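The values are calculated or read from the model by the stated rules, or taken from the named source; none is laboratory data. Owing to the predicted nature of the structure, the values given are computational and were not obtained by experimental measurement. Note that we place each Cβ from the backbone using ideal geometry, even for glycine, and neighbour counts take in every protein chain shown.
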Amino acid sequence: MASTQMEPSKSPAMENSKLTRRQLIKGASALGLSAAILGPLLAACTRVEDTMIVTPLSTPPSLPTATLFSTPISPPSFASSPSPTPTIAPISKPNAASPLQSLPTTIPTPSPTATPPPTVTFNLTERQKIAHLLRRAGFGFTAAELNRAEGMGLAATIDELINFESVDNSDLDKHIAAAGLDFELPPEMRRWWYLRMAYTKRPLQEKMTLFWHGILTSGHKKVADIPKMSAQNELFKQKGMGSYQTLLEEIGRDPAMLIWLDSRSNNKKAPNENYARELMELFTLGPGNYTEEDVRESARAFTGWGLKRKEGNPKGVFYFRDFQHDYGSKTFLGETGDFDGDDVVRIILKQPQAARYITTRLWEFYAYEDPESEVIDKLSAVFVSSGYAIRDVMRALLTSPEFYSDRAYRTQIKSPITLVVQTAKALNLTVSTKRMSNLALRMGQILFDPPDVSGWPGGAAWVNSSSILQRVNMANFIAKSLTETLTRQELVDLLLDGVLDPAMEAALDYFESETRGSSRVGVSRGLTYLMLGGPGYQRG
């Protein structure tokens, strides 16, 4: 059955961002399946049209009605476009990953503050809305977590996500302790955070930490101090949902940030402008909303903020060097006075653009790019009236009708980290192995090491000629790692919200019809591979 097609783009960038059926076939050949299953699987791959699995859409796709829910929608289909056969080095067959016997299946219910249910005009079922919420406000779900949230209802689930301090998260420490991590090694720190993402009962706290890690960025390659990077991570966990003014005041004093943007060398004789510039350009206002004179005056306000060596901490802790601070008068964003760094933050946040900038960054991370002006107007008003409270903005965001609209639902290309953790949770796979934690790294995202001061660009930037092949390899690895036998219906519900596009449905129909009587585990692996490699799952 042919899927609805869109006109293919001819741009070189998009030509390098394709996952075609030829690549699916090559990946399937490396699964190590019996001939009775491999033959039909290869044929099924040909029935998945030569589609562009993950390429940017200029406009939201139309979503026709499917059949598995009472009011479901199908994911977007993509245009066919020929592509030369790539060479994929098959990954070696790993040891089967252990099922997560101890993955949390129940979450204690706190006494949440009341949230009115969003007015949703899109034709999603309650279960689909909740699945969408758990993907965007966290890192996906196990079958038990999705069922539990559906039983609670959308409004109560939002309350629990936002009021996470009331949720018992003590089991997380047990999982981390059992992993036997060596916290002196950067790769082990990445595994530590993956474990937190997968096992936490406070998913929005971890997702917000990842958001701030990509905005108020620091990287281990320059900081070269694991305790300082860990302390910054903890700062985001503890302050990330509170006042943005408080978070900005503290990140200016954060030792990792002081090293990352060279603020520790900022003194009145030679002000260093790095932090002052990024504070406005990347943290609060965006380009074009300040002058070079504002940068210079702001840098003067932060002079004297540095590090002092302390026993057991050779790179130091925050220390204000009074004799290095410029106490002279400064004119910044139209105000004049003897300003220090906290004054600069206060003046910045009084600018209307500050509210629009940070709420837009939040919306684009959690919902979709290029939001309507009306959406940002509403969130900005909440940001200002609440005293810059991120928690209040997130409540408004997650209860917004637009968050559940066709512009948001299954339109966001999953980041490598999100793709790995969501898949592991859905399929009950362990994420404590080095192999699993390295999957996102191979696809281009390294925790604690964003590429530069602007963090990860996200969106269509996640797909290129190298990373797309690694996405095939990830589907291959995951399918070979399965030890549980899941039915087609279970897989479609967990991975695709119960909805199939026509091409994928035809491929699965053919594969199942040709493998009747074959090994259940082999068939389950084949079904999993087809779904993980398809467009419906690569977006979420």
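Annotations
- Test: residue in the stretch 298-305 that is modelled with pLDDT of 95 or more, under 26 Å from the mean Cα position of the chain (by Cα) and among the small types (Gly, Ala, Ser): no
- In summary, residue 169 fulfils each of the numbered conditions (1) within 25 Å of residue 445 (Cβ to Cβ); (2) part of a helix (DSSP H, G or I); (3) modelled with pLDDT of 95 or more with the single exception of condition (2).
- Scanning the stretch 235-274 for residues that are hydroxyl-bearing (Ser, Thr, Tyr) and within 28 Å of residue 397 (Cβ to Cβ), we see that the one that is surrounded by the most Cβ atoms within 10 Å (Cβ to Cβ) is 244.
- Of all residues in the stretch 310-343 being in a loop (DSSP other than H, G, I, E, B) and touching a helix residue (DSSP H, G or I) at 6+ places or on another chain (Cβ under 6 Å), the one that is nearest to residue 284 (Cα to Cα): 333
- Condition met for residue 150 (more than 22 Å from residue 494 (Cβ to Cβ), surrounded by 15 or more Cβ atoms within 10 Å (Cβ to Cβ) and not hydrophobic (A, V, I, L, M, F, W, C)): no
- Looking across the stretch 474-495, the residues that are surrounded by fewer than 18 Cβ atoms within 10 Å (Cβ to Cβ) and among the polar types (S, T, N, Q) come down to 483, 485, 487, 489.
- Boolean, residue 97 is at pLDDT below 95, assigned to a loop (DSSP other than H, G, I, E, B) and of a type in the set (Gly, Ala, Ser): yes
- Residue count for the stretch 181-234 under the criterion of being of a type in the set (Asp, Glu) and either within 19 Å of residue 278 (Cβ to Cβ) or surrounded by 22 or more Cβ atoms within 10 Å (Cβ to Cβ) (or both): the result is 1.
- Residue in the stretch 404-414 that is acidic (Asp, Glu) and under 25 Å from residue 305 (Cβ atoms) present: no
- Single condition residue 373 does not satisfy, out of (1) crowded, with 18+ Cβ neighbours inside 10 Å; (2) at pLDDT 95 or above: (1)
- Applying the condition of being basic (Lys, Arg) and touching a residue at least 24 places away in the same chain (Cβ under 8 Å) to the stretch 507-540 and asking which residue is nearest to residue 33 (Cα to Cα) yields 525.
- Among (1) of a type in the set (A, V, I, L, M, F, W, C); (2) modelled with pLDDT of 90 or more; (3) buried (at least 18 other Cβ atoms within 10 Å of the Cβ); (4) closer than 30 Å to residue 186 by Cα, the one test that residue 463 misses: (2)
- Any hit, the stretch 260-278, residues being among the small types (Gly, Ala, Ser), in contact with a strand residue (DSSP E or B) (Cβ under 6 Å, 6 or more places away or on another chain) and within 22 Å of residue 450 (Cβ to Cβ): yes
- Applying the criterion of at least 1 residues that are hydrophobic (A, V, I, L, M, F, W, C), within 18 Å of the chain's Cα centre (by Cα) and farther than 24 Å from residue 350 by Cα to the helices (runs of 4 or more DSSP H) found wholly in the stretch 183-295 leaves 186-199, 203-215.
- Total residues in the stretch 334-367, condition surrounded by 16 or more Cβ atoms within 10 Å (Cβ to Cβ) and out of contact with any Pro (no Cβ under 8 Å at 6 or more places or on another chain): 22
- Any chance residue 316 is in contact with a Pro (Cβ under 8 Å, 6 or more places away or on another chain), on the phi > 0 side of the Ramachandran plot and touching a residue at least 24 places away in the same chain (Cβ under 8 Å): yes
- When restricted to residues that are assigned to a helix (DSSP H, G or I) and among the β-branched types (Val, Ile, Thr), the stretch 407-435 contains 5.
- Leading residue by the ranking (surrounded by the most Cβ atoms within 10 Å (Cβ to Cβ)) among those in the stretch 397-406 that are in contact with a Pro (Cβ under 9 Å, 6 or more places away or on another chain) and not in a loop (DSSP other than H, G, I, E, B): 403
- Residue 321 falls short of the stated requirement of being touching a strand residue (DSSP E or B) at 6+ places or on another chain (Cβ under 6 Å) and surrounded by 18 or more Cβ atoms within 10 Å (Cβ to Cβ).
- Just one of the numbered conditions (1) exposed (fewer than 13 other Cβ atoms within 10 Å of the Cβ); (2) in a strand (DSSP E or B); (3) touching a helix residue (DSSP H, G or I) at 6+ places or on another chain (Cβ under 9 Å) is not true of residue 307: (1).
- Contact annotation: residue pairs with Cβ atoms under 8 Å, 6 or more positions apart or on different chains, pairing a residue in the stretch 262-290 that is free of Cβ contacts under 8 Å to residues at least 12 places away in the same chain and charged (D, E, K, R) with a partner that is part of a loop (DSSP other than H, G, I, E, B) and surrounded by fewer than 19 Cβ atoms within 10 Å (Cβ to Cβ), are 281/287.
- Scanning the stretch 354-391 for residues that are part of a helix (DSSP H, G or I), farther than 21 Å from residue 344 by Cβ and under 23 Å from the mean Cα position of the chain (by Cα) gives 360, 362, 363, 364, 365, 366, 375, 376, 379, 391.
- The lone exception for residue 175 - which of (1) surrounded by fewer than 22 Cβ atoms within 10 Å (Cβ to Cβ); (2) out of contact with any Pro (no Cβ under 6 Å at 6 or more places or on another chain); (3) at pLDDT 95 or above it fails: (3)
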